[in-house]
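Following: one structure in structure tokens, then a few remarks.
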Amino acid sequence: MEGIGKVDASGNEEFNCAFDSQCADDTEEDSGYLDVTVSELKHPPPQLSPMPEGLSSQQVVRRHILGSIIQSERSYLDSLKRILLEYKKPLMEAEPRILSLKKIQPIFYRLKEILQCHSMFQIALASRVAEWDNTEKIGDLFVASFSKSMVLDVYSDYVNNFTNAMALIKKACMSKPAFLEFLKKKQAASTDRITLYGLMVKPIQRFPQFILLLQDMLKNTPVGHQDRLPLQLALTELETLAEKLNEQKRLAEQLAEIQQLTRSVSDRNLSKQLNSDQKQLILSETLIETVYGEKGQVLKSKERKVFLLNDMLVCANINVKGPPDISSLVPIGPKYAVKWSAPLLQVQVVEVGQETPQRKDSIYQQSGSKRLSTTNSQGKLFLGPPRLYQDLQELQHDLSVVEEVTLLVGTLQGSYQNLNTTVGQDWCMALQRLIRIKEDEIQCANKCRLRLMVPGKPDKSGRPVSFTVVFSTPSPISKISWVNRLHLAKIALSEENLPGWVCVEDDEKTKPPFWCPLLACRLPRAMSVSSGTGCPPSHVCFLFVVSSTAQVASGGDDSHGQVEIFSLNRPTPRSVKSFSLGSPVLCLEYITEPSTDEELKTQTSEVPSKIGNTICVGLLDGNILVYGSVDTAAQCLLTFCNPEGCPVLCLKQSANFLFAGLSNGKVAVYNRKSGEGLWDPDSCRHVVIGCAPVLKLLQIDECVWASCANQVSVIEGSSLRTQSFEVHPDPMVSVTHMVRAGGGVWMAFSAGSSLRLFHTETLEHLQEINISTPSAYFSPGQKTVCVTSLLICQGLLWVGTAQGIIVTLPVPRLEGIPKITGKGMTSLNAHNGPVEFLIATSSILSQDFLKRDSAVEGGDSSSGAEDKEATDSSQESLQQVDGSPQVEAKSKGVLLQYHLRSTSQLPGKLLTARPEESSVSTQDSLAHTLEDGSIYELSDDPEVWVKGPGPSSKEAARREKVTSAAVISGGKGFRRLANSSSSSDSSENMLMVWQLPITV
């Protein structure tokens, strides 16, 4: 290979991509890497040729994106070279020494190897760019360059060492004035004034930047293009790599945070707890603690660092942030002084306006106040924002009085100046405007303020003392994150989740991450559960579970079905309706109300009537029933039977068609009625798939996939043309389950424990995995695993087995191919019988609660108020399955929105207590540049990683979507794999609800 060898004597700019041999301490660690030099004369950087004529618009866009990739990579290489040439090399050659070699090497650890990887990538990129007009293919280059283990190794080493490198720089800045002066001069001499930290953070940002560019490239690559599959595979590789780096960086920084906190603790007992191997930092953030006076005014506010660990909450004062000249060069970690700590199970979230009943033998104290006070006779204590509710009640009372007075004034016989109905109506309108302002203030106060009830030390008489602390969070999403993580951390302390999952691939040594699904609750059912469906992401969630029950009557056998509807707007799913059907239920399908776009596509002359979302039920006797999804009265809107009279095994909606898979190997297709939202039984068309039953239907874009025996047929939209392909070599094996993620479909089969992955576009077989579980977890007599249910939810492939065991496997979340590259986790919470179904249901938080409003409380306005993680039953949905009682509190967000709408149409300009232009958070106003990017959530590290890619407003709104999800499994009984004594009655039917962390 060119470029490997001695340094070129011509003096060209070249770089050795390994550590100097003189560093004996690192020689063994670096022995796996070659010394590589790259000459820019032999390997010039990639350069696009002039654009040829006759290109399509997509080809033009793809060339522009390729140009961005070239420019971005060149800029990145320049940054790496700047670090090595302008910082490391002068420090190594300085006389007298500014820093010792033992400090220089760890600071710049693995940067040469990273430069080597990208120098090689640039050579390959230049070759591909030179032939771009002939091939137009780049995805495979990314796969070949960044799927190598060396790339992960060097980046992992760099990321794991990053926190240590920053600590060394920080210490050197404070102890070596010459080093601080060196950094200042280097920054001042650079044209862009970027700091050493700004340069060294770029390797951590690199792969997210690649992902954004390849996503754009994929969007502009038509289906059938030779670069489609390579681009999807490249996205998968980069996403997997970025996730691994993200996780390693998160663990390294959390370890550093705990160590710094431990060093700040004077209490030996607390220090011992923090040093425990069992301690896990879940979330830490700088919040503003605010103390209010009796009238709700802000008395004082101060920054605190709050640490949420797996079993305790710690609040610390921030004492020292370091001199300004140092912190401008490198982020300086603060020193902490612990203010208080509390067991997690004793910490309660208290929403604004919520009653805070206290025990009779307890004393209540506000944080920051020196005088103890007891609750008033009503059991309410108005502090800060809760005072707004009292003001609102007073205004509403005054409005009702003024309305009565206006009515009485209208009965006056005489005419009096300033005493007539017009004046009364003006008073009413003014009060309504004031009510609107107060409601707006309450909404704002609900978005960013976190109120916690924390146990304190008992008083002299031994009575327990509790106090409330009020924290202002940087954003509504931050507060939502805190409430959700606090609740999940409590669930994680339950017996079922200690532990809840094990990794069987490494003899259960891998500790499950915090965001593993947590078993939130179990619901015993009298009926035999067989299948279910949940609403897609929405603001109202119901769970529909069906069973088939056989009853023996005097006249003979009578089989019938039963449907049970659960509401998911409470901490535990609640059964709201149950009704019987004349035949066993075989399948359910949730049908969303047709959108305006779909209506226009069908070119119907009449607009369909709004019937809302519906549930379609397929029965054994061949009937299909349609129910309203929100009407708990369960009134049947439509009943029709397929012409064949065959059992309906599966249902699927695609556009304005309803597909029904039948037991005779056919698929019945129904259109919507013209001018209505319901299906037209007379429009039935049949598609012959095969001789075996059609067991599964899956919508893929404009097509529907139908499984029949060992084959799958792709049915095209309205034309109903089919294309079949074989998915298993054994004709006696049937496809029983299909789930889609990104550009792939995972399939399970009636026999064996294998899963197969197929490409949605080329139908190519891409991967096969075998679900294996230790024999110790099997029931006596069971030898093989058989898959009985399949689901993909939030980056996890859920697999339910005939043994009742549930396995999850990580899959990519983006538009790539959902290949499985990570280790699977086995749940220690299992059913006694087969896992009959796995369904996911989710709720999306209203965008209104994520908007950053300026608050109205003086100096406290910039940090906002208390969020709206959930509202009333029509809004909170699965935030309630997250389950916290505090989330179900009296926030009344939807009710307030209704009031706002009711007063917004009043004549005249609305009164306001806020300036016309609300101030925006600095983190929201950061400009996006090519080098911006992050692999962090906002809640992980808000001080550093708030600067994410910020493109269009549409994409920004999509990023701000907060989704809460749960997975529900159904089967016979419950058992703990690690503890046979905790098993339930094997004949008892059980639903298990698994809660997942919210996603932003």
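How would you classify the range 57-255 from its alpha-carbon gyration tensor, with a ≥ b ≥ c the square roots of the eigenvalues: rounded for a/c under 1.5, else prolate if a/b is greater than b/c, otherwise oblate?
On the way: a/c = 2.67, a/b = 2.00, b/c = 1.34.
Prolate, since a/c reaches 1.5 and a/b exceeds b/c.
Could you put W515, W798 in order of accessible surface area, largest first, with the 1.4 Å probe and the full protein assembly present?
Values: W515 110, W798 0 Å².
Highest to lowest solvent-accessible surface, that is W515, W798.
Leaving ligands, DNA and RNA out of it, report the carbon-plus-sulfur percent of the accessible area of the range 57-255 at a 1.4 Å probe. Working shown, then result.
Numbers: 4090 of 7540 Å².
C and S fraction of accessible area: 54 percent.
Treat each spin label as a single point 7 Å out from the Cα along the C-beta direction, and report the I194 to L299 distance in nm.
Calculated label separation equals 4.8 nm.
So, by mean Cβ neighbours within 10 angstrom, what's the order for 83-94, 730-741 with the highest one leading?
On the way: 83-94: 15.6, 730-741: 18.1.
Descending packing order for the listed peptides: 730-741, 83-94.
Tell me, in nm to one decimal, what length is gained between Q417 and R97 on full extension, where the rule is 0.36 nm per residue of separation less the Cα-Cα distance?
Extending this stretch completely gives an extra 106.1 nm.
So, for the range 57-255, what is the accessible surface per residue at a probe of 1.4 Å, expressed in square angstrom?
Here the per-residue accessible area is 38 Å².
Accessible area per residue, 1.4 Å probe, Å², for the range 664-714: what's the number? Provide the component values of the computation, followed by the final result.
Numbers: 1890 Å² over 51 residues.
Heavy-atom accessible area per residue stands at 37 Å².
Long-range amide H contacts for K577: which residues qualify at under 5 Å (H placed 1.01 Å from N, peptide plane, sequence gap of 5 or more or a different chain)?
I565
What does the net charge come to around C428 if you take all other residues with beta carbon closer than 11 Å to its beta carbon, with K and R at +1 and D and E at -1? Working shown, then result.
On the way: positive: R433; negative: D398, E403, E404, D426.
Local charge sum for C428: -3.
Using a cut-off of 9 Å between beta-carbons, work out the net charge of the residues near S683 (Lys and Arg +1, Asp and Glu -1, S683 not included).
Working: positive: R672, K673, R685; negative: D680, D682.
Around S683, the charge tally is +1.
Hey, can you grab everything whose amide H is under 5 Å from the amide H of W501? Only 5+ residues off in sequence or another chain; H modelled, so Pro and N-termini drop out.
Result for W501 returns L828.
Mind scanning K88/K184; K300/K961; K88/K202; K577/K673 and naming the pairs with a C-alpha gap bigger than 23 Å? Mind showing how you got there, number by number?
On the way: K88/K184 15 Å; K300/K961 33 Å; K88/K202 16 Å; K577/K673 29 Å.
Beyond 23 Å: K300/K961; K577/K673.
If you take the beta carbon distance between Q346 and W515 as r and set R0 to 41 Å, what does 1/(1 + (r/R0)^6) give as a FRET efficiency, to the nearest 0.05?
Details: r = 24 Å, r/R0 = 0.58.
Efficiency computed from Cβ-Cβ geometry: 0.95.
Pulled fully out, how much extra length does the chain show between R570 and S68, if you take 0.36 nm times their separation in residues and subtract their Cα-Cα distance? Numbers along the way, then the final one.
Values: separation 502, 0.36 × 502 = 180.72 nm, distance 4.86 nm.
So the extension gain works out to 175.9 nm.
Tally up the carbon and sulfur contribution to the accessible surface of the range 258-317 as a whole percent, 1.4 Å probe, everything protein left in place. Present the calculation step by step, with values, prior to reporting the outcome.
Numbers: 1160 of 2930 Å².
The value for the range 258-317 is 40 percent carbon and sulfur by accessible area.
Using a Förster distance of 45 Å, how high is the FRET efficiency between V60 and T722, based on the Cβ-Cβ distance and rounded to 0.05? Don't skip to the answer; put the middle values down first.
Working: r = 36 Å, r/R0 = 0.80.
Approximately 0.80, to the nearest 0.05.
Multiply the residue gap between N319 and E403 by 0.36 nm, knock off their C-alpha separation, and tell me the result in nm, one decimal place.
On the way: separation 84, 0.36 × 84 = 30.24 nm, distance 5.54 nm.
Difference between extended and current length: 24.7 nm.
Please work out the FRET efficiency for the pair D701 and E768, using the Cβ-Cβ distance as r and a Förster radius of 25 Å; give the result to the nearest 0.05.
On the way: r = 24 Å, r/R0 = 0.97.
The pair D701/E768 has a calculated efficiency of 0.55.
The values are calculated or read from the model by the stated rules, or taken from the named source; none is laboratory data. Since the structure is predicted, the reported quantities are computational estimates derived from the model, not experimental observations. All Cβ positions, glycine included, derive from the backbone under ideal geometry; neighbour counts span all protein chains shown. Heads up: the accessible areas ignore ligands, DNA and RNA and are worked out on the full protein's heavy atoms, side chains in. Shrake-Rupley method; radii C 1.70, N 1.55, O 1.52, S 1.80 Å.
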